[in-house]
Amino acid sequence: MLSEDAHHAPRPRGLCIPARSLHPRELPLHLKGTMTKRILVPVGQSESHATMSVVRGLARDQGSLVRLLRVVPVPELVMGRYGRTIAYVDQEMERLTAQGLEELMCPAAELEGVPVERVVRFGEPAEEILLEADAFGADLIAVTTSTRSRLASALAPGLGERLLREAPVPVLLLRD
């Protein structure tokens, strides 16, 4: 049982780490002491091998379940040249779901020895990641982000910065 002081202690909100320079055993102490039984990993079009190795090391050390998430835009009705419907929205969603699950096979293979689930959601990435983190009961969200200038981040925050601010759980930002 947690004491009242421990319950109200501030928890780390996030951490920015260059993925290439981090060995899984070199995680900061405040992340090592955190029980991360459920790790959510949003996967973009090009996920780095270094990111998956960090997540694999953390998941193995903690005995965690990893959920890989692909977020794609909501499809629209596909029309032919003469205004005929080629594919309805539900058909397009089914096709994109199958394609997304297939694309998550490669990152899942890099997490050898770790239990992995694959999920595809439709919508705006930040919103869907936060919804999936809540639905999954994630203890940590591990996100890869590109290096951006402080001015660019301040003017138009990227996905990583937005998740860092809005997520109710710690966010591990891995710079690619």
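Each value in this text was obtained by applying a stated rule to the coordinates, not by laboratory testing. Everything numeric in this text was worked out from a predicted model, so none of it was measured. When we count neighbours, we look across all protein chains shown, and the Cβ atoms used for this are built from the backbone with ideal geometry, even at glycine.
Annotations for the structure displayed:
- Formal net charge of residues neighbouring Gln91 (Cβ-Cβ distance under 15 Å; K, R +1; D, E -1): -2
- Interchain or long-range residues, amide H under 5 Å from Leu65's placed H: Arg38, Ile39
- Cβ-based net charge around Pro75, under 15 Å, with every Lys or Arg adding one and every Asp or Glu removing one: -3
- Close amide H contacts of Thr145 (hydrogens built in the peptide plane, cut-off under 5 Å, sequence separation of 5 or more or a different chain): Leu174, Arg175, Asp176.
- Nitroxide proxy distance, nm - points 7 Å out along Cα→Cβ at Glu112 and Asp90: 4.1
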